[in-house]
Amino acid sequence: MSKTVGIGITGGIAVYKIAELVSRLRKNDIDVIVMMTESATKFVSPLTFRTLSGREVLTDLWQESREWKVQHIGAAEDLDLLVIAPATANFIAKMAHGIGDDLLSTIVLANTAPVLVVPSMNTNMYKNFIVQDNIKKLSDYGCKFMDPDTGMLACGTSGQGRLPDVNDIYEQINKLLFTKKDLFGKRLMVNAGTTCEDIDPVRFIANRGTGKMGYCIAQEAVNRGADVILVTGRSHLETPKDVKVFNVWGAEEMCEVMLRNQPACDIIIGAAAVGDFRIAKAAEQKIKKKDDRSEKLIVELVGTPDILKEMGKNKVPDQIMVGFAAETENLIANAQKKLKSKNLDFIVANDVTMEGAGFAADTNIVSIIERSGTINSLPKMSKQEVAAAIIDKVVELVKKN
Ligand code: C5P
């Protein structure tokens with residue numbers, strides 16, 4: 001069945017770029033209902049959009065409509081996705097405060113379809129705390145935002161504020177329209193990154209975990225409709241949007257946060273590189289280096305909790321738990337042992353010595369090993385693709401439960 005996208009156009013110089021977007025959507029058999037604020041019509045005539053969309057353009061709350069009796073309700077009910085592009089600071093503020101004083105803002109209020117907002121404005125306006133607060137508020141309500149591009153702006157300055165490339169908006173629309181929402185209504189918690197254990201106030205022990213795999217899983221789960229909690233140790237990656245993030249430092253803190261959130265989760269994935277040891281007693285002051293460089297510094301290490309094992313003991317009925325096994329030898333046998341000892345539903349095993357697999361790489365080569373003994377060895381894939389394969393397996397198990 002063909003999809004219907006509402007394009008809400010507000011008054012910014014980038015309005016003319018939306019003509020190209022509407023044209024591309026129509027060429028790909030996506031039905032488009034264009035709605036314009038009064039300011040938007042000052043930049044480009046509704047006639048342009050009527051011609052490109054092949055439908056009447058909605059501009060005025062009081063205009064007679066041939067297509068809908070109460071047009072702001074009727075049009076809203078027909079949408080699979082509502083896109084606001086370009087979105088001005090003023091319109092974002094109206095959305096954030098539930099104001100419905102023109103046709104487009106009333107459609108936003110009556111709409112129940114997912115919303116994609118594409119801001120475009122002067123850099124200082126975009127960075128303004130009030131605008132950012134409004135964006136945060138709408139993101140928390142579930143609206144998706146695209147970040148503006150950086151470059152020359154129509155106002156003569158340079159900075160972040162340009163409408164993203166129309167191809168990127170088109171791709172994002174397709175993703176939102178056609179990605180399976182097979183984790184809708186499920187809460188998934190994933191951990192990622194490396195844990196850090198203090199030696200003294202300035203030094204710590206960490207490992208090569210970068211967070212890439214766990215962050216890709218969080219992003220994939222959000223895209224597929226899950227409510228996602230990301231518990232992240234040290235990582236330099238930007239956190240995925242629309243995810244509840246807990247930043248943690250050591251393994252014990254990570255364990256405590258995860259155990260606290262465990263009862264409310266349907267799915268738990270352990271992708272973090274959790275350190276297995278911490279310093280028995282971290283020094284309160286910076287440890288001074290000795291003049292005698294041959295003198296040894298001996299630190300005592302003690303074990304950290306095995307987070308997944310602890311969670312495995314507290315597994316609630318139908319909760320799905322997934323772990324990783326990064327191995328350098330006997331991949332399958334070692335992974336199978338971990339699968340059982342941690343009470344997991346499946347484990348994702350990878351030989352970190354292989355080229356294109358493991359910690360900092362953008363790709364991974366994994367085998368998915370299930371409790372039943374089934375082993376699915378996947379070819380080299382991007383970490384995004386591996387994340388999608390893991391979520392596919394999770395969905396399969398959710399459906400069985
Ligand atoms: O036992 P091993 O460290 O190889 O197991 C790897 C899996 O267990 C990963 O999913 C990792 O996130 C998890 N793990 C954990 N707590 C630890 C060590 C590993 O949850 N202390």
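The values are calculated or read from the model by the stated rules, or taken from the named source; none is laboratory data. Because the structure is predicted, anything quoted here is derived from the model rather than measured. Ideal geometry is used to build each Cβ from the backbone, glycine not excepted, and the neighbour counts take in all protein chains shown. Remember, those area values only see protein heavy atoms, side chains included, never the ligands or the DNA or RNA. Shrake-Rupley method; radii C 1.70, N 1.55, O 1.52, S 1.80 Å.
If I model a spin label as a point 7 Å beyond the Cα along the Cα-Cβ vector, how far apart are those points for Asp29 and Gln63 in nm?
2.9
Using a/c under 1.5 as the rounded threshold, could you call the stretch 187-400 rounded, prolate or oblate? The axes a ≥ b ≥ c are square roots of the C-alpha gyration tensor eigenvalues, and prolate needs a/b larger than b/c, oblate otherwise.
prolate
What is the percent carbon and sulfur in the accessible area of the stretch 241-311, measuring with a 1.4 Å probe over the protein chains and ignoring ligands?
That share works out to 51 percent.
What residue among Leu109, Tyr126, Thr51 has its Cα farthest toward the positive end of the dipole of the stretch 4-177, where the charges are +1 on Lys, Arg and -1 on Asp, Glu, each on the Cβ?
Of Leu109, Tyr126, Thr51, it is Tyr126.
Using protein chains only and a probe of 1.4 angstrom, how many square angstrom of Val34 are accessible, to the nearest 10?
About 0 Å², rounded to the nearest 10.
Considering only C-alpha atoms, what is the centroid distance from the stretch 140-162 to the stretch 258-315, in Å?
Answer, in whole Å: 41.
What FRET efficiency comes out for the pair Asp392/His236, r = Cβ-Cβ distance, R0 = 30 Å, nearest 0.05?
0.60
Specify whether the C-alpha gyration tensor of the chain places it in the rounded, prolate or oblate class, a ≥ b ≥ c being the square roots of the eigenvalues: rounded for a/c under 1.5, otherwise prolate if a/b is larger than b/c and oblate if not.
The shape class here is prolate.
Enumerate by residue number the trypsin sites (Lys or Arg not before Pro) in the stretch 175-228 meeting two conditions: DSSP loop (anything except H, G, I, E, B), and at most 11 other Cβ atoms within 10 Å of the site's Cβ.
On the way: sites: Lys175, Lys180, Lys181, Lys186, Arg187, Arg203, Arg208, Lys212, Arg224; in loops: Lys180, Lys181, Lys186, Arg203, Arg208, Arg224.
Passing both the DSSP loop test and the Cβ count: Arg208.
Among Ala14, Ala192, Val222, which residue has its Cα positioned farthest towards the positive end of the charge dipole of the chain, with +1 placed on the Cβ of Lys and Arg, -1 on the Cβ of Asp and Glu, and the dipole taken about the Cα centre?
Ala192
Just to be sure I understand the model, the point goes 7 Å from the Cα along the line to the Cβ. What's the resulting Ser377 to Glu38 distance in nm?
Each label point lies 7 Å from its Cα, and together they span 6.9 nm.
Please state the shape class of the stretch 310-378: rounded when a/c is under 1.5, otherwise prolate if a/b exceeds b/c and oblate if not, all from the C-alpha gyration tensor.
Since a/c reaches 1.5 and a/b is larger than b/c, the shape of the stretch 310-378 is classed as prolate.
Could you sort Tyr141, Tyr16 by accessible area so the largest value comes first, with the probe set to 1.4 Å?
These residues rank, largest area first, as Tyr141, Tyr16.
First select every other residue whose beta carbon is under 15 angstrom from the beta carbon of Gly356; then total the charges, Lys and Arg +1, Asp and Glu -1.
-1
Label point 7 Å out from Val302 along Cα-to-Cβ: which residues of the stretch 253-272 have amide N under 16 Å?
The answer is 253.
Percent antiparallel among DSSP beta bridges with both residues in the chain, to the nearest 5?
Close to 30 percent.
What translational diffusion coefficient, in µm²/s and rounded to a whole number, does the Stokes-Einstein relation yield for the stretch 140-258 at 25 °C and a viscosity of 0.890 mPa s, taking the hydrodynamic radius as the Kirkwood radius over Cα pairs?
148
With every protein chain kept in place and ligands, DNA and RNA left out, what is the accessible area per residue of the chain? Probe 1.4 Å, answer in Å².
Per-residue accessible area for the chain comes out at 50 Å².
What does the charge add up to near Gly159, with Lys and Arg as +1, Asp and Glu as -1, over the other residues with Cβ less than 13 Å from its Cβ? Let's see the in-between values first.
Working: positive: Lys127, Arg162; negative: Asp147, Asp149.
Residues close to Gly159 contribute a combined charge of 0.
Taking the Cα centre of the stretch 4-177 as origin, work out the dipole magnitude from +1 charges on Lys and Arg Cβ and -1 charges on Asp and Glu Cβ, in debye rounded to 20.
Numbers: 16 positive and 20 negative charges, 56 e Å.
So the magnitude is around 280 debye.
First measure r as the distance between the Cβ atoms of Lys137 and Ala360, then evaluate 1/(1 + (r/R0)^6) with R0 = 30 Å and state the FRET efficiency to the nearest 0.05.
Using R0 = 30 Å, I get an efficiency of 0.25.
Mind giving me the nanometre distance, one decimal, between the label points for Ala154 and Glu20, set 7 Å out from Cα along Cα→Cβ?
1.5
Can you put His97, His236 in order of accessible area, largest first, using a 1.4 Å probe? Write out the running numbers ahead of the final one.
Values: His97 110, His236 160 Å².
So the residues, ranked largest to smallest area, are His236, His97.
Before rounding to the nearest 500, sum -39500 (n - 2.57) across all DSSP H runs of length at least 4 in the chain and divide by the residue total; then give [θ] at 222 nm in deg cm²/dmol. If you can, show how the numbers build up before the last one.
On the way: 14 runs with 139 residues, N = 401.
It comes out at -10000 deg cm²/dmol, rounded to the nearest 500.
Per Stokes-Einstein, at 25 °C and 0.890 mPa s, what whole-number D in µm² s⁻¹ belongs to the stretch 208-303, with the Kirkwood radius over Cα pairs as the hydrodynamic radius?
Taking Rh from Cα pairs, D becomes 155 µm²/s.
Length gain on complete extension for the stretch Thr328 to Glu295, per 0.36 nm per residue less the alpha carbon to alpha carbon distance?
Contour length minus the Cα-Cα distance gives 8.6 nm.
Below 8 Å, C-alpha to C-alpha, sequence gap of six or more: please give me the relative contact order for the chain in percent. List each step's numbers first, then the result.
Working: 828 pairs, mean separation 42.2, N = 401.
Reported relative contact order: 11 percent.
Expressed as an acute angle from 0 to 90° and rounded to the nearest 10, what is the orientation of the C-alpha long axis of helix 166-178 relative to the principal long axis of the chain?
That works out to roughly 70 degrees.
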